[in-house]
Every structure is written in C-alpha cells, then in structure tokens.
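Peer 1: Sharing a structure below in structure tokens format, with a few things to ask.
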Amino acid sequence: MLTPIDYPISLDFDAENGTFEPCPQVTPRHLSDLKEMFSDQSTVAQILRENDPLIYEIRYYPFTTTKSDMALAVTRIFPGTIGNEFYMTKGHKHQREDQPEVYYCVRGEGFLLLDTLEGEFRAIPWRAGVITHIPPMWAHRVVNTGNDLLVFIGVFHLSAGHDYDIVARKGFAYRVLSRNGKPELIKQD
Ligand code: 6PG
Ligand code: NI
C-alpha cells in the first residue's frame, strides 16, 4: 500500500504528457478492465480476440498525513473508439455520500458526464482550462472525443471509495458516440 507522509511535498507535473514525478502508483486500464461499459459488445469481443488496447492510465499521489487523506489523481485518456463509442473512463460514484471531487481538464477535449443514476444527468463540454466540481452522490465519467490525449487532474479524499458496480448495473443516461467523426449524445433506453 501507499506510504503515509507528514511533510510538505511538491511534484513536477508535465501537463503535455499528463505525468508527474515522483509517482508512486500508476494504474493502467485496458479494454478488458471496462469491457462491460461499452455498448457495442460484439466489437468489444472481436477486439479482445486480437489484443487488449490501453484506454487510459491513472497516476496517483496520496498526500496523506496523520490527520488528512487528500489525494491527487492524473488521468490520461488516449484517443480512440470502440465501435462508434469514444474511449472513456469506467465511471464511478463515490462510496461515501459526503464526498465531492474537483476535476481540472489540462489538455484535450471531450465531455464530463455527471449522473445521479436516479434521473438527473449533465454532460459538461470539456476542454483545457475547465474546472468542474463534482458534488457528492453524482457518478462521474470522462469521455475523450478528440484526436489527441485528454489529461485531467482529480482531487479527492482517499476515504471516498469507488462504487463501480452501480454504474455497471444502471449505466449513464447518455452515451457519447461518434457520428461522421463528430460527438453526439445518445440517450440510453
Ligand atoms: C477518483 C477520481 C479519479 C478516477 C480516474 C479513473 O475518485 O479516484 O474520480 O481518480 O478514479 O479518473 O476513473 P475510474 O475510477 O472511473 O476508472
Ligand atoms: Ni471520483
């Protein structure tokens, strides 16, 4: 597990690449890690027979002290589609009901999808420079609709926890699909 620290620490952040140093933890997410999230399951199966593409990567730094558990996560989503659905994060709701998060889009373009999974949905157009507050109880997912890397920073408490099952069960209200190369929000049944 990650080692707690109790002194000030600074990181060297490369905003073009979406990497920083020192970096104690990198989590890769390949197609097989989020295969159930994409709509076109026959294309998912076909791709997985050949290879398992890297969809995004998360770099964490746990700024934990003996009295606090704030963390930093930098996510790099590669450009691409599965069928006609853009590469995206798995998406989750925080387990704790009192845990918000702040997201900052550093480069790229796409959408931040926010969904209570109980009838309220927002799609926030995202580009470099946009900062969005994610209120507690809203599931969040980022979609890369550009031809290049999308990088964003998230700041949250480690104790927030991740609920992925609820997203797998209920799904977001809309998907972001490519139509003639342009992103379109398509309502789910
Ligand atoms: C968090 C953040 C963020 C997120 C990554 C990957 O709560 O930890 O929202 O770090 O986990 O961007 O997204 P998924 O967790 O949905 O794969
Ligand atoms: Ni989160």
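Peer 1: Once the whole set of protein chains is in place, how much accessible area is left on Ser159, using a 1.4 Å probe, in Å² to the nearest 10?
Peer 2: Looks like 50 Å² after rounding.
Peer 1: Return the calculated 222 nm mean residue ellipticity for the chain, to the nearest 500 deg cm²/dmol, obtained by summing -39500 (n - 2.57) across DSSP H runs with n ≥ 4 and dividing by the residue count. The partial results should precede the final answer.
Peer 2: On the way: 2 runs with 16 residues, N = 189.
Per the formula, -2500 deg cm²/dmol.
Peer 1: Oh, and also: So, with a 1.4 angstrom probe, what is the percent of accessible area on the range 34-163 that is carbon and sulfur? Please report the intermediate quantities before stating the final value.
Peer 2: Details: 2850 of 5720 Å².
Here it works out to 50 percent.
Peer 1: Pick out which of His94, His140, His162 has the largest mean-square fluctuation in a Gaussian network model of the chain, springs linking Cα atoms closer than 10 Å.
Peer 2: Judging by the Gaussian network model, the answer is His162.
Peer 1: Let me ask something else about it. At a Förster distance of 35 Å, what's the computed FRET efficiency of Glu184 paired with Val155, Cβ-Cβ distance as r, to 0.05? Don't jump to the answer; show the numbers that get you there.
Peer 2: Details: r = 31 Å, r/R0 = 0.88.
Calculated transfer efficiency: 0.70.
Peer 1: Relative contact order, percent, of the range 1-132 when contacts are C-alpha pairs under 8 Å separated by at least 6 residues? List each step's numbers first, then the result.
Peer 2: Values: 186 pairs, mean separation 26.0, N = 132.
Computed over the range 1-132, the figure is 20 percent.
Peer 1: Please give the per residue accessible area of the chain, computed with a probe of 1.4 Å over protein heavy atoms only, in Å².
Peer 2: Spelled out: the 1.4 Å probe surface of the chain, per residue, equals 52 Å².
Peer 1: Right, something else. Show me, for the range 127-134, the HN-Hα J-couplings you get by feeding each phi into the Karplus relation (A = 6.51, B = -1.76, C = 1.60, θ = phi - 60°), rounded to Hz, glycine and proline as x.
Peer 2: Listing the rounded values in order: 8, 4, x, 7, 10, 10, 8, 9 Hz.
Peer 1: Quick one: which residues, 5+ away or cross-chain, put their amide H under 5 Å from the amide H of His162? H built at 1.01 Å from N.
Peer 2: Distant-sequence amide H within range of His162: Gln95.
Peer 1: List the lysines whose Cα sits under 22 Å from the Cα of Lys90, skipping any in the same chain fewer than 8 residues away.
Peer 2: Here the lysines satisfying the reach criterion relative to Lys90 are Lys35, Lys170, Lys182, Lys187.
Peer 1: Enumerate the amide H contacts of Glu101 below 5 Å, restricted to partners 5 or more residues apart or on another chain; note that Pro and chain-start residues carry no placed amide H.
Peer 2: Ile134
Peer 1: Counting only the heavy atoms of the protein chains, how much of Val143 is accessible to a 1.4 Å probe, in Å² to the nearest 10?
Peer 2: The value for Val143 is about 0 Å².
Peer 1: Sticking with this one: Enumerate the aspartates and glutamates that Lys67 could reach by cross-link, defined here as Cα to Cα under 15 Å, with residues fewer than 8 away along the same chain left out.
Peer 2: Asp6
Peer 1: Sticking with this one: Given axes a ≥ b ≥ c from the Cα gyration tensor, I'd like to know whether the range 84-189 is rounded (a/c under 1.5), prolate (a/b larger than b/c) or oblate.
Peer 2: Working: a/c = 2.10, a/b = 1.25, b/c = 1.68.
Note, shape of the range 84-189 comes out oblate.
Peer 1: So what's the angle, to the nearest 10 degrees on a 0 to 90 scale, between helix 41-50 and the longest Cα principal axis of the chain?
Peer 2: 70
Peer 1: A follow-up question, please. With all protein chains present, calculate the accessible area of Lys170 using a 1.4 Å probe and round the result to the nearest 10 Å².
Peer 2: Estimated to the nearest 10 Å², Lys170 gives 110 Å².
Peer 1: List the residues whose amide H sits under 5 Å from the amide H of Thr145, counting only those 5 or more places along or on another chain, with H placed 1.01 Å from N in the peptide plane.
Peer 2: Glu109, Gly110, Phe111
The values are calculated or read from the model by the stated rules, or taken from the named source; none is laboratory data. Computed from a predicted model, the values in this text were never measured in an experiment. Note: ideal-geometry Cβ built from the backbone for every residue, glycine included; neighbour counts use all protein chains shown. The area values use the complete protein model at the heavy-atom level, side chains included, leaving out ligands, DNA and RNA. Shrake-Rupley method; radii C 1.70, N 1.55, O 1.52, S 1.80 Å.
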